[in-house]
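The values are calculated or read from the model by the stated rules, or taken from the named source; none is laboratory data. All values derive from a computational prediction rather than experimental measurement. All Cβ positions, even for glycine, are placed from backbone atoms using ideal geometry, and neighbour counts span all protein chains on display.
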Amino acid sequence: MGYTIAQKIIKNHLVDGEMIKGTEAGIRIDQTLTQDATGTMAYLEFEAMGVERVKTELSVAYIDHNTLQTGFENADDHRFIQSVCKKRGVRFSRPGNGICHQVHLERFGIPGKTLIGSDSHTPTGGGIGMLAIGAGGLDVAVAMGGGAYYITVPKTVKIELTGKLRPWVAAKDVILEVLRIMSVKGGVGKIIEYCGEGVKTLSVPERATITNMGAELGATTSIFPSDEITRQFLKAQGREMDYVELSADEDAVYDETIKIDLSKLTPMAAMPHMPDNVKTVDEIGSIKVDQVCIGSCTNSSYMDMMKVAAILKGKTVHPNVSLAIAPGSMQVLHMLSKNGALADMIAAGARILESACGPCIGMGQSPNSKGVSLRTFNRNFEGRSGTADAGIYLVSPEVAAISAVTGILTNPMILGKDAEIEMPEKFDINDSMVLMPASVEEADDVEVLYGPNIKPFPTSEKLAEIKAKAILKVGDNITTDHIMPAGAKILPYRSNIPYLSNFCFKQCDEHFAENCKKEGKGIIIGGSNYGQGSSREHAALVPLYLGIKAVIAKSFARIHCANLINAGILPLTFKNSDDYDKITQGDELEIKNVKENIENNQQLVLTNITKNEEYELFYEFSERQKDMILEGGLLNYTKSKN
């Protein structure tokens, strides 16, 4: 029996366990990336480990999220990260150099290598044939220190692409179709692997758009073959020496197969408030548009921007529309400025933003109240834009650009003949915005610089008896944005857990933090797919600080479940999902003999003291995860091993 692409990479990087589906395996990590919204905490954790120098082949820290500096906080975080990078052997991508995933694809991604990043959209690297996985900051810190990264060996879904996209139908429409088919829960415990003749018609940036939004499926990662198209892209980036051919064996066995004929796709949009709420643009109809935002790690490549410029050239943005455009990297922005495309955008009335995440993470450009905003981003969770009652639609750059001109949601196929934009034979290369670390000899003289807003991360205790109120009960598809919101008002405090705690679950219960501090402890009751969305470990660290001992849900999203274990919070599921309905917020709950039962792999029972009822709970921890839970989290566990 042959291997899939992902299985080949896992097999070549296996350092612990076996490649058996459903079991835990540790893999060697070649590369890591961090961004500044999660990076400060990751580097605080790395410093706490006492490792002098990173042990990966390559680690890069990007400044792309917290670039709006309305006070000292973000600048202090950037200074701290830069100083740690210089001392510990990490490359530092300065603010303005671009979005982590776009820059990493351009300058550092290598087919066949493993990459984990403290950002859920790290699977963007799958577009170049990497096994690229989003993870919590503590997992990234451990990998930088030379530790293995542990995954539950996933199932593999084969998505066979045939045909070729018609003019003005985009890669974004491909992944929206996959989301329509599979849903935001359909990829949990799976790797999505693309193959078929249709793959050869897609450029690396188009492939990266598709793998980027695999995160919205809940998938472990997504991956494309590394082929002649990959080689040409790397050659154009001056990195042909990094090319490795990589494809699945002909007799590779997949757990599921989905077939998509690219030639039958039409422009689509994900409607509020979920990425899988997908309809065709024609089905949605000509709704009035107030705002258009083009950019993000999903759709900010040179090719995306050139298509936008071609649509806008000689036209004017509709007077009732605000159009903002953020090229994904300094490379993209520089090339647009040289070839005149940037001038076409400006002349049309676009507002040019810096090469950063910006509106996608809630950093500015919030739409007007009850406004309709078309965005080329990857998430449209309620309130994520910064405007609670806004309607956010996820669309391709082509749909976004033509709609900005017409003022209504518009199918770009009305434009007729394609713009016929070709991939450059050579990209402009300027890595001056990536700072190299100090040498080993010079590192002793480098001081790590802390600011007053940078507080220690919360400590966790060894697992003990759990008896607390159901401090909060929430429904299905709770996102990490619900748990720990982003946005310009909150992101500057990502390195200050005590202050950040005031915003925890604010959208679900404005008194949550207050109640936790009053009780001193609590248990959260959740529905299906609890913790979907961003990889932000703050969604676990802040509840830890507030005294949360356990989260009991119908099911968990992969990264958040791992982050809870890393933090020392017990993630459990109901053996009978109907028991969820029997618990009321405020009920007094108890899990008796929890430590002994987990040590001995015994059944856990949740006692509802208020209602005099008992509910069986389910857990499935590897021996390593069990030891982590007993020690009180990954940091305690790592220290106990040293």
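Brief remarks on what is shown
- Annotation note: Cβ proximity below 7 Å between a residue of region 169-195 that is among the acidic types (Asp, Glu) and a residue that is part of a helix (DSSP H, G or I) (sequence gap 6+ or interchain) occurs for Glu193/Ile5; Glu193/Ala6.
- Residue satisfying all of: in region 219-230; part of a loop (DSSP other than H, G, I, E, B) and surrounded by 24 or more Cβ atoms within 10 Å (Cβ to Cβ); farthest from the chain's Cα centre (by Cα) among these: Phe224
- Pro397 vs. criteria within 26 Å of Phe233 (Cα to Cα), in contact with a strand residue (DSSP E or B) (Cβ under 6 Å, 6 or more places away or on another chain) and either of a type in the set (Val, Ile, Thr) or crowded, with 16+ Cβ neighbours inside 10 Å (or both): yes
- Residue match in region 65-77 (condition: of a type in the set (S, T, N, Q), closer than 12 Å to Ser355 by Cβ, surrounded by 24 or more Cβ atoms within 10 Å (Cβ to Cβ) and outside the structural domain of Ile361 (by TED's automatic domain parsing)): no
- Members of region 136-176 found to be part of a loop (DSSP other than H, G, I, E, B), closer than 30 Å to Leu58 by Cβ and among the small types (Gly, Ala, Ser), listed by number: Gly136, Gly145, Gly146, Gly147, Ala148
- Filter result for the condition that a residue is in contact with a helix residue (DSSP H, G or I) (Cβ under 7 Å, 6 or more places away or on another chain) and more than 27 Å from Pro458 (Cα to Cα), over Met19, Met41, Met1: Met19
- Output for region 106-124, where each listed residue is hydrophobic (A, V, I, L, M, F, W, C) and part of a strand (DSSP E or B): Leu115, Ile116
- Residues in region 530-546 that are at pLDDT 90 or above, crowded, with 24+ Cβ neighbours inside 10 Å and not aliphatic (A, V, I, L, M): Tyr530, Gly531, Pro543.
- Lone unmet requirement of (1) outside any strand (DSSP E or B); (2) within 18 Å of Cys561 (Cα to Cα); (3) of a type outside the set (A, V, I, L, M); (4) touching a helix residue (DSSP H, G or I) at 6+ places or on another chain (Cβ under 7 Å) for Gly127: (2)
- Cβ separations smaller than 7 Å between residues 6+ apart or across chains give the following pairs from region 251-262 residues that are among the aliphatic types (A, V, I, L, M) and modelled with pLDDT of 95 or more to residues that are part of a loop (DSSP other than H, G, I, E, B) and surrounded by 13 or more Cβ atoms within 10 Å (Cβ to Cβ): Ala252/Tyr3; Ala252/Thr4; Leu262/Gly163; Leu262/Lys164; Leu262/Leu165.
- Test: residue in region 198-215 that is over 25 Å from the mean Cα position of the chain (by Cα) and not polar (S, T, N, Q): yes
- Verdict on Leu179 being touching an Asp or Glu at 6+ places or on another chain (Cβ under 8 Å), crowded, with 20+ Cβ neighbours inside 10 Å and at pLDDT 95 or above: yes
- Conditions (1) assigned to a strand (DSSP E or B); (2) more than 27 Å from Thr480 (Cα to Cα): number failed by Ser83: (1)
- Per the listing Pro437, Pro458, Pro424, the residue uniquely closer than 15 Å to Leu544 by Cα and outside the structural domain of Leu202 (by TED's automatic domain parsing) is Pro458.
- Qualifying residue in region 57-70 (condition: modelled with pLDDT of 95 or more and more than 21 Å from the chain's Cα centre (by Cα)): yes
- Contact map, region 283-311: first residue under 16 Å from Pro167 (Cα atoms), second residue hydroxyl-bearing (Ser, Thr, Tyr), Cβ cut-off under 7 Å, separation 6 or more or different chains; pairs are Met303/Ser203.
- Within region 232-277, considering residues that are outside any loop (DSSP other than H, G, I, E, B) and in contact with a Phe, Trp or Tyr (Cβ under 7 Å, 6 or more places away or on another chain), the one nearest to Thr114 (Cα to Cα): Leu234
- The one condition in (1) part of a loop (DSSP other than H, G, I, E, B); (2) within 20 Å of Arg536 (Cβ to Cβ); (3) hydrophobic (A, V, I, L, M, F, W, C) that Val51 fails to fulfil: (2)
- One residue from Lys517, Lys554 being under 19 Å from Gly189 (Cα atoms) and more than 22 Å from the chain's Cα centre (by Cα): Lys554
- Single unsatisfied condition, Glu510 versus (1) assigned to a loop (DSSP other than H, G, I, E, B); (2) touching a residue at least 24 places away in the same chain (Cβ under 8 Å): (2)
- Selection count where residues are farther than 29 Å from Asp36 by Cα and either assigned to a loop (DSSP other than H, G, I, E, B) or touching a Leu at 6+ places or on another chain (Cβ under 6 Å) (or both), scope region 451-473: 5
- Looking only at region 547-569, and only at residues there that are touching a Phe, Trp or Tyr at 6+ places or on another chain (Cβ under 8 Å) and in contact (Cβ under 8 Å) with a residue 60 or more places away in the chain, the one that is surrounded by the most Cβ atoms within 10 Å (Cβ to Cβ): His560
- Residue that is nearest to Gly147 (Cα to Cα) [pool: residues in region 631-642 that are touching a helix residue (DSSP H, G or I) at 6+ places or on another chain (Cβ under 7 Å) and buried (at least 17 other Cβ atoms within 10 Å of the Cβ)]: Thr638
- Those residues of region 430-450 which are surrounded by 13 or more Cβ atoms within 10 Å (Cβ to Cβ) and either in contact with a Leu (Cβ under 6 Å, 6 or more places away or on another chain) or in a loop (DSSP other than H, G, I, E, B) (or both), in sequence order: Asp431, Met433, Pro437, Ala438, Val446, Val448, Leu449, Tyr450
- Selection of region 409-424 for residues being buried (at least 16 other Cβ atoms within 10 Å of the Cβ), among the hydrophobic types (A, V, I, L, M, F, W, C) and not in a loop (DSSP other than H, G, I, E, B) yields Met413, Leu415.
- Unique residue being closer than 30 Å to Asn612 by Cβ and among the small types (Gly, Ala, Ser) when the list is Ala464, Ala438, Ala488: Ala464
- Output for region 476-507, where each listed residue is buried (at least 22 other Cβ atoms within 10 Å of the Cβ), among the aliphatic types (A, V, I, L, M) and part of a loop (DSSP other than H, G, I, E, B): Ile478, Met484, Ala486
- Going through (1) modelled with pLDDT of 95 or more; (2) part of a loop (DSSP other than H, G, I, E, B); (3) surrounded by 24 or more Cβ atoms within 10 Å (Cβ to Cβ) one by one, Val103 falls short only on (2).
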